[in-house]
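The values are calculated or read from the model by the stated rules, or taken from the named source; none is laboratory data. In this text the structure is predicted, and so the values were computed from the model without any measurement. Note: ideal-geometry Cβ built from the backbone for every residue, glycine included; neighbour counts use all protein chains shown. In case anyone asks, the SASA skips ligands and DNA or RNA and just uses the protein heavy atoms, side chains included. Shrake-Rupley method; radii C 1.70, N 1.55, O 1.52, S 1.80 Å.
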Amino acid sequence: MYELKTKENDNSVIEFIENVESPKKREDAYKLLDIFTETTGYKAKMWGPSIIGFGSYHYKYESGHEGDAPLVGFSPRKAKTSLYFATGDKKREELLKDFGKHTSGKACVYINKVADIDVDVLKALITQSIKFLNEMYPNE
């Protein structure tokens, strides 16, 4: 059986941020921590060794694979900061048009620094992602 690597744990979010090598990335991580906490209303939790997540939902795919994941989150990685939003949400693409300097993959949006993006659009992305996931995976 497949074992999920990215599970919520009790590791310290602050300790994780304090161990980010780049002072600028660390400063941005604290800014993102404030923005995500304020916007979601959830307490930050570590997911796996390097993702700071907010809230959680339980998913189950047609294949039978299921698990838990954060509603939204971020990770200050060496190269870029990864932002985690819902996949498959058409409104995400609309919002990203006005987001600022970023690249995106299937699940992640990558930024170099918070100064490159529109924080109001970030808040809208966070809110929309949570709304989308709550509609897709309502609490049973």
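Annotations for the structure displayed:
- Surface composition of the stretch 1-81: carbon plus sulfur atoms hold 51% of the accessible area, using a 1.4 angstrom probe and ignoring ligands, DNA and RNA.
- ³J(HN,Hα) computed for each position of the stretch 37-53 - Karplus, 6.51 cos²θ - 1.76 cosθ + 1.60, integer Hz, glycine/proline x: 5, 5, 6, 8, x, 9, 6, 5, 9, 7, 10, x, x, 9, 10, 9, x
- Matching label, Cα extents along the principal axes in Å computed from the structure shown, candidates (1) 49, 42, 23; (2) 80, 38, 22; (3) 42, 34, 26: (3)
- CD proxy at 222 nm, helix term only [per DSSP H run n ≥ 4: -39500 (n - 2.57); per residue of the chain; nearest 500]: -11000 deg cm²/dmol
- J(HN,Hα) series, the stretch 20-28, from Karplus relation 6.51 cos²θ - 1.76 cosθ + 1.60, nearest Hz, glycine and proline x: 5, 4, 6, x, 5, 5, 5, 4, 5
- Relative contact order of the stretch 1-131, pairs being alpha-carbon contacts under 8 Å that are 6 or more residues apart, as %: 21
- Those lysines that a straight Cα-Cα span of less than 19 Å connects to Lys90, excepting residues fewer than 8 apart in one chain: Lys106, Lys123, Lys131
- Using the Cβ of Gly55 as centre and a radius below 13 Å, the other residues enclosed give a net charge of +1, where K and R count +1 and D and E count -1.
- Under 5 Å from the amide H of Ala69 lie the amide H atoms of Tyr57, Tyr59, each residue being 5 or more positions distant or on a separate chain, with H modelled from the backbone and absent for Pro and chain starts.
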